[in-house]
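Report on one structure; see the data block that follows.
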Amino acid sequence: MEDLAAVGILAKETRNVGYNSRQLGYNKHKSEEEFGVELGLTAMKYSLLVDTHNISDSVKTKLGTAFDAFIEKQNQKAEDYIINRRNDPFTRDKESYAVEWDKPLVSEIVSSMAGSLEENDFNAAFKQAVKTAMQSYADKARGDQTDSLSRYHPYHNSWISSDYIGDWNRFVERLSKGNELENVKVSDPLSFSTVDLSI
């Protein structure tokens, strides 16, 4: 039953993530930083799920392999999207897709966020990981080489409207059977307006 429950929860939590999303109007123009945060939160959910459920070793191994492949596939799809837009003869503004997708940066953000669960002070580690990603985004939104890219244009900025922190805290509440997971909820929810992302 624990195996089935874990598989069901993971399937539900990844259904609308990244390029797997069936949500109307999903923003495919997300930057590496925001996409990394989105995938990072999903990786955190996976880690917490595995830690809190009594999953059999065989299922845990299969889930781990499947989840790693899921993250890699999402990152690859994001890269493919940039390449396809740049090569599409109907794309008028090729400069908006001129810079390659930074897959290692996405992976680094995912690892940093997932690693925050292992730190003694989860909140401090988590907030630092997210703030680093937000600052990177803000720097590129102002940078001469990147400010003209579609994924750093203010029109496609969905950081502030996305309730990533609320979604994480709700997941923790659903997963906990009491208050034993309170230490991995984000206290004083981090505002995505901490850095001026609209510049």
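A few remarks follow.
- Protection proxy ranking for 31-42, 149-160, 1-12, using the average of other Cβ atoms within 10 Å per residue and placing the highest first: 31-42, 149-160, 1-12.
- Probe 1.4 Å, accessible area per residue of segment 29-178, Å²: 50
- Charge tally in the Cβ shell below 12 Å around GLN128, where Lys, Arg are +1 and Asp, Glu are -1, GLN128 excluded: 0
- Average projected area [Cα convex hull, the chain], square nanometres: 11.6
- Calculated on alpha-carbon atoms, Rg and Dmax of segment 87-147 in Å: 15.8, 51
- Here segment 40-85 exposes an accessible surface that is 50 percent carbon and sulfur, computed with a 1.4 Å probe and the other protein chains kept in place.
- Cβ-defined net charge surrounding ILE82, 12 Å radius [Lys, Arg +1; Asp, Glu -1]: +2
- Descending by average beta-carbon neighbour count within 10 Å, the peptides 51-60, 133-142 line up as 133-142, 51-60, the highest first.
- The lysines within cross-link reach of LYS94, meaning a Cα-to-Cα straight distance under 21 Å and a gap of 8 or more places when in the same chain, are LYS28, LYS30, LYS77, LYS103, LYS140.
- Per residue, the Cα convex hull of segment 46-149 amounts to 108 Å³.
- The residues packed around SER111, meaning those with a beta-carbon under 12 Å from its beta-carbon, carry a net charge of -3 if Lys and Arg are +1 and Asp and Glu are -1.
The values are calculated or read from the model by the stated rules, or taken from the named source; none is laboratory data. These figures come from a predicted structure and were not determined experimentally. Here the Cβ is made from the backbone with ideal geometry for all residues, glycine too, and neighbour counts use every protein chain on show. Ligands, DNA and RNA are stripped out before the accessible areas are found, and what is left, the full protein with its side chains, is counted by its heavy atoms. Shrake-Rupley method; radii C 1.70, N 1.55, O 1.52, S 1.80 Å.
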